[in-house]
Amino acid sequence: MSDNSNVQTLKRCYDEWHETRGGSVDAWLDIVADDFNLRSMAEGRPGAEFTAPRETKEQLAEYLSGLTGGWNMEYYRVDRYIEDGDMVVALGSTAWTNKATGKRVDTLKADFWTFKDGKATSFLEFYDSCALLEASA
């Protein structure tokens, strides 16, 4: 039986992420391994280049910089955490406004995290990528 330490780590980060409206980038960087892998639904398509696949902690910082540089967070809510061994799924919703277009995206969100030795090694996010791309145009 797990002690839920990975869930507790994510709860702390997501709460801070919401409270700071995306200003707590360092909290995410603190919990990931150096060889961290990130995948996002838009996969770097035009208008959402920051969502390109990433393979290191440094590249995660680039992703977060692109996200917070181009978008203002309205809210980020996690309603449920599901843990299975070293994997944690965070289910909720989020809203962001594109700084250049003023268009808002309000979407359901599913984040899949994998941990090893207390550090996050991968992150896969599902959201309404069509809405994201439309808000970018």
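The values are calculated or read from the model by the stated rules, or taken from the named source; none is laboratory data. Everything numeric in this text was worked out from a predicted model, so none of it was measured. Backbone-built Cβ (ideal geometry, glycine too); neighbour counts: all protein chains shown.
Annotation: of all residues in the range 110-137 being small (Gly, Ala, Ser) and under 16 Å from the mean Cα position of the chain (by Cα), the one that is surrounded by the most Cβ atoms within 10 Å (Cβ to Cβ) is Ala120.
The rows are residues; the columns are (1) of a type in the set (Asp, Glu); (2) in contact with a His (Cβ under 6 Å, 6 or more places away or on another chain); (3) modelled with pLDDT under 95; (4) surrounded by 15 or more Cβ atoms within 10 Å (Cβ to Cβ).
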position	(1), (2), (3), (4)
Gly47	no, no, yes, yes
Thr51	no, no, no, yes
Lys57	no, no, no, yes
Asp84	yes, no, no, no
Met87	no, no, no, no
Val105	no, no, no, yes
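For every residue, the table says whether it meets (1) among the charged types (D, E, K, R); (2) closer than 16 Å to Cys13 by Cβ.
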| residue | (1), (2) |
| --- | --- |
| Gly44 | no, no |
| Gly47 | no, no |
| Thr56 | no, no |
| Tyr63 | no, yes |
| Trp71 | no, no |
| Asp86 | yes, no |
| Ser93 | no, no |
| Trp96 | no, no |
| Phe115 | no, yes |
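Examine the range 115-130 for a residue that is within 17 Å of Val32 (Cα to Cα) and aromatic (Phe, Trp, Tyr), and state whether such a residue exists. So far as the range 115-130 goes, yes, one or more of its residues are within 17 Å of Val32 (Cα to Cα) and aromatic (Phe, Trp, Tyr). With respect to Ala95, determine if the residue is under 15 Å from Lys109 (Cα atoms), surrounded by 14 or more Cβ atoms within 10 Å (Cβ to Cβ) and either free of Cβ contacts under 8 Å to residues at least 60 places away in the same chain or small (Gly, Ala, Ser) (or both). The answer is yes for Ala95. Just to be sure, is Val7 within 21 Å of Glu62 (Cβ to Cβ) and in contact (Cβ under 8 Å) with a residue 12 or more places away in the chain? Answer is no for this residue. The single condition among (1) surrounded by 16 or more Cβ atoms within 10 Å (Cβ to Cβ); (2) within 20 Å of Leu10 (Cβ to Cβ) that Asp34 does not meet is (1). Of everything in the range 80-99 that is out of contact with any helix residue (DSSP H, G or I) (no Cβ under 7 Å at 6 or more places or on another chain) and among the hydrophobic types (A, V, I, L, M, F, W, C), the residue that is farthest from His18 (Cα to Cα) is Met87. One residue is enough: does the range 57-69 have a residue meeting the conditions farther than 28 Å from Gly102 by Cβ, out of contact with any Asp or Glu (no Cβ under 8 Å at 6 or more places or on another chain) and in contact (Cβ under 8 Å) with a residue 12 or more places away in the chain? Yes, that holds for at least one residue.
Which residue, of Tyr14, Tyr81, Tyr76, is farther than 16 Å from Tyr127 by Cβ and of a type in the set (Phe, Trp, Tyr)? The match here is Tyr81.
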